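Shown next, in structure tokens, is the structure this report addresses.
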Amino acid sequence: MTATSDGERTTATGRVMTGVAWVVLLLGLWMWGREVTDVRRGVSAPTTGDVAAVGRPAGAELPPAAEPLDEARPQRLDIPSMRVRAPVLARGLDGEGAVEPPPFDRPGTVGWYAAGARPGAAGAALFVGHVDTETRPAVFYRLSALRIGETIRVARDDGTVAEFTVDDVQVLDRDRFDARQAYGVQEPGRAELRLVTCGGTFDRASRSYTANVIVSAYLTGSGRGRGDMTEET
């Protein structure tokens, strides 16, 4: 299945999926850590179970959501608190229905699911990245350490920078994983962002991680900026 499958359709509120495409994609995402975990890894992944289901703090005062932007493709993902400035690659689905990750030889790169929403437009745009490689941490190694209220920026190919505010951080065990809840839009009509990587602990017997880290954010502002492809990890 490719990024231009028949399961995709476009509406005035952004890119959405039909039921069949959602089932394939969400099952693939559930399998993502198992299917594309870099099993050649030689460094220890963060034990993210300690921050599982951080969620939204009760009564937290977060900025209001901004109106969705026109569609534009992402070029770079910036997470200031993690000191990440990562170029973005458009990705589709592999033969098993999982989102294709960035190449292993580009650990500082983030993959964007190009058949889904475009970041800043209405819908939930999906980014995936490796947690580590065989020699060092990768782009999303510290993803579980993000906190509610922190900022994520996406430089887009129309010259705008979409700014998102983190409103949910979860480490979801695969045995109790609800893909639609994790990846679906939280509030209809809102521009949202999902960052996904592996989490929990690395099970050497199954050669996979025990959980997924899911960071959710929503659009709170935008401006003009450069879309250069500087990479810092």
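Exposure proxy for VAL185, VAL166: other Cβ atoms within 10 Å of each Cβ, ordered fewest to most, give VAL185, VAL166. Length gained on full extension, ASP175 to ASP105: 22.2 nm, using 0.36 nm per residue less the C-alpha separation. Taking other C-beta atoms within 10 angstrom as a stand-in for reagent exposure, THR109, THR201, THR135 fall in the order THR135, THR201, THR109, fewest first. Estimated at 0.36 nm per residue, the fully extended path between GLN186 and ALA145 surpasses their Cα-Cα distance by 12.6 nm. Rounded to the nearest 0.05, the FRET efficiency derived from the C-beta distance between GLU96 and ASP158 at R0 = 22 Å is 0.10. Cβ crowding within 10 Å ranks ASP168, ASP132 as ASP168, ASP132, fewest other Cβ atoms first.
None of the figures in this text is laboratory data; all of them are computed from the coordinates on show. No experiment lies behind these values; they were computed from the predicted model shown. Ideal geometry is used to build each Cβ from the backbone, glycine not excepted, and the neighbour counts take in all protein chains shown.
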